[in-house]
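Following: one structure in structure tokens, then a few remarks.
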Amino acid sequence: MPRGSLARHLVLRLFPAVFVLILLDISITWLMTRKMTLEAWLLRDIFWMMVVSQALLVSIFAWMLVSGVRSGLASINHLSQEISQRSVDDLQPLDSAGLPTEVAPLVGHFNDLLLRLDDSMQAQRRFVGHAAHQLRTPLTGLKLESELMLSRSGLPEDVRERAERIKSVTDRMIRLGQQLLVLAKADSSTRPQDSFLRLDLCEWVQGSGAEWIPAARAKNVELQLQAPDLPVWIDADPLLLEELLSNLIDNALRYGLGASSITLRVGANPPTLSVEDDGPGISPVDAERVFEAFYRSPNAGAAGSGLGLAIVREIALAHGAWWNLASRPEFPGTRITVVFPGPRIGARLSRQE
């Protein structure tokens, strides 16, 4: 039996107990046969004495056996808990320290599979990021050409309509490329936590939200801010947080048809950021899938790539945050809330929902 094996552990754990039980059984038998006379005992007394002693010995042996098996499987149970508590995006190798030698090879092969899967996923993300980056330059040039064409006077109406369609599609493709780059940056393998800064959520939302006032006024929507007077500190990446808020506001303006107001709400305990609108809301069926990448509701009243709320989800996960969506009839409109864990730089936040 190799050192560290489960069989060796059970033998070493049970052998002393079995040895003690054998000595105890021999001692009781010797006492009954050598120190006691049959005249002092009835056959019934001898029978019940043997039954009680054997039951006691079997009970002690069963208890030792169960405790030995449990102690031998403790490391396996710990490994099972570690796997169950992991996020679906966590592909880090499992710790095989302290595992029985019968299980360690299985964990080693499983770790090799995780490493190969992680390499494959990182290669795919790098390809998406590089492709989006390379497409941005020609798309920007195409947008510029369409704008120059539209700026000319005397352009035929049919040509102008085609140039406007080209410009609209180019804007959408540029936006899609930018969103893909944000998704690649927000991924856990890039460790966005290393660039976290401590910032006041109230002050930051006030400054970033003000940039959306012209876009809101253009759609006759009032943009409001409700925040506490005292600072609400969080640790975050300002660029990713900017993209999160932009996607939430853009989503409310784009799909909250008929909304008259959008409220940016900041909470203090725990630190929360909510974007609320009084639009038509989201159906329960769509509410379960709107955070999936490239999902678009068949009832969507505006064009989009289906990446806005998926980016919100990835950025929230990168910050160790939790999110929630409420809509009609619970809420008169749509409210998306992101709950941050608070300031704890260096804590290596997990990606758990």
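Given a Förster radius of 51 Å and the C-beta distance between ASP250 and ALA74 as r, what FRET efficiency does 1/(1 + (r/R0)^6) yield to the nearest 0.05?
Numbers: r = 51 Å, r/R0 = 1.00.
Taking R0 as 51 Å, the efficiency between ASP250 and ALA74 is 0.50.
Under 5 Å between amide H atoms, partner at least 5 residues away or on a different chain: which partners does ILE234 have, H built in plane at 1.01 Å?
Close amide H contacts, sequence-distant or interchain: LEU199, LEU201.
How many nm is it between the label spots at LEU225 and VAL103, if each spot is 7 Å from the Cα in line with the beta carbon?
5.3 nm
Multiply the residue gap between ASP90 and ALA268 by 0.36 nm, knock off their C-alpha separation, and tell me the result in nm, one decimal place.
Values: separation 178, 0.36 × 178 = 64.08 nm, distance 2.97 nm.
Residue separation times 0.36 nm, minus the Cα-Cα distance, leaves 61.1 nm.
Using amide H atoms built in the peptide plane, which far-off residues or other-chain residues are under 5 Å from GLN224 H to H?
Result for GLN224 returns ILE262, THR263, LEU264.
Assuming R0 = 41 Å, can you tell me the calculated FRET efficiency for the pair MET149 and SER261, based on Cβ-Cβ distance, to the nearest 0.05?
On the way: r = 38 Å, r/R0 = 0.93.
Once rounded, the FRET efficiency stands at 0.60.
At LEU113 and THR140, where each label point lies 7 Å from the Cα along Cα→Cβ, what is the point-to-point distance in nanometres?
Result: 4.5 nm between the two label points.
Can you tell me which of 209-216, 112-119, 197-204, 309-316 comes out highest on packing, and rank the rest after it, using the mean Cβ neighbours within 10 Å?
Details: 209-216: 14.6, 112-119: 12.5, 197-204: 16.2, 309-316: 23.5.
Most protected by this proxy first, the peptides run 309-316, 197-204, 209-216, 112-119.
Quick check: residue separation of MET50 and VAL285 times 0.36 nm, minus the Cα distance between them. What number comes out in nm?
On the way: separation 235, 0.36 × 235 = 84.60 nm, distance 6.94 nm.
Taking MET50 through VAL285 to full extension adds about 77.7 nm, to one decimal.
Each label point is 7 Å from the Cα along the Cα-to-Cβ direction; what then is the distance between the points at ILE213 and ILE83, in nm?
Using points 7 Å along Cα→Cβ, the separation is 5.6 nm.
In terms of solvent-accessible area of protein heavy atoms at a 1.4 angstrom probe, what is the ranking of PHE19, PHE127, PHE340, highest value first? The partial results should precede the final answer.
Values: PHE19 115, PHE127 145, PHE340 10 Å².
Ranked from most to least accessible, the order is PHE127, PHE19, PHE340.
The values are calculated or read from the model by the stated rules, or taken from the named source; none is laboratory data. Note that the coordinates shown come from a computational prediction; the quantities given were computed from them, not determined experimentally. Counting neighbours? That spans all protein chains shown, and the Cβs are built from the backbone with ideal geometry, glycine included. Just the protein is used for accessible areas: all its heavy atoms, side chains included, with ligands, DNA and RNA removed. Shrake-Rupley method; radii C 1.70, N 1.55, O 1.52, S 1.80 Å.
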